[in-house]
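Beneath this line is the structure, given in structure tokens, with notes to follow.
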Amino acid sequence: MLADLPTDSSVVSAVHANIPAGTYTALEAALEPAHGHDGSAAAFLAGNPTWAGVSVRVTGTYNGQTFVYSGAPQVHLDPIDYFFEITARNREAAHVVG
């Protein structure tokens, strides 16, 4: 998944996924570069070769100078326990903003 996230206080929905119906009490996630062995990732990398081995790209301006940071930091979110349960039902969207 590729997400273009704002750097201000805006709220965006960056994750959209079909998950099995059920009740969930935690979330676990990792940030890693796209791998060419996945069909959609291979197509993305073919069209965007500068993203090979990169999971984060930040463009911006600092003290009037434009910069681009590209890297692959090791990011793993340990399970985040919710203070409430999220129930997913078939064909329904669940939106949670905390």
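The values are calculated or read from the model by the stated rules, or taken from the named source; none is laboratory data. Remember, it's a predicted structure, so these values are computed and weren't measured experimentally. A quick note on method: Cβ atoms are made from the backbone with ideal geometry, for glycine too, and the neighbour counts reach across all protein chains shown.
Looking across region 25-53, just one residue is of a type in the set (Ser, Thr, Tyr) and over 25 Å from residue 74 (Cβ atoms), and that is 25. Residue count for region 63-76 under the criterion of being under 18 Å from residue 2 (Cβ atoms) and part of a strand (DSSP E or B): the result is 5.
Pairing residues of region 34-60 that are closer than 14 Å to residue 71 by Cβ with residues that are surrounded by 13 or more Cβ atoms within 10 Å (Cβ to Cβ) and hydroxyl-bearing (Ser, Thr, Tyr), at Cβ distances under 6 Å and at least 6 apart in sequence or on separate chains, gives 54/70; 57/70.
Applying the condition of being loosely packed, with under 10 Cβ neighbours inside 10 Å and over 18 Å from residue 80 (Cβ atoms) to region 13-37 and asking which residue is modelled with the lowest pLDDT yields 16.
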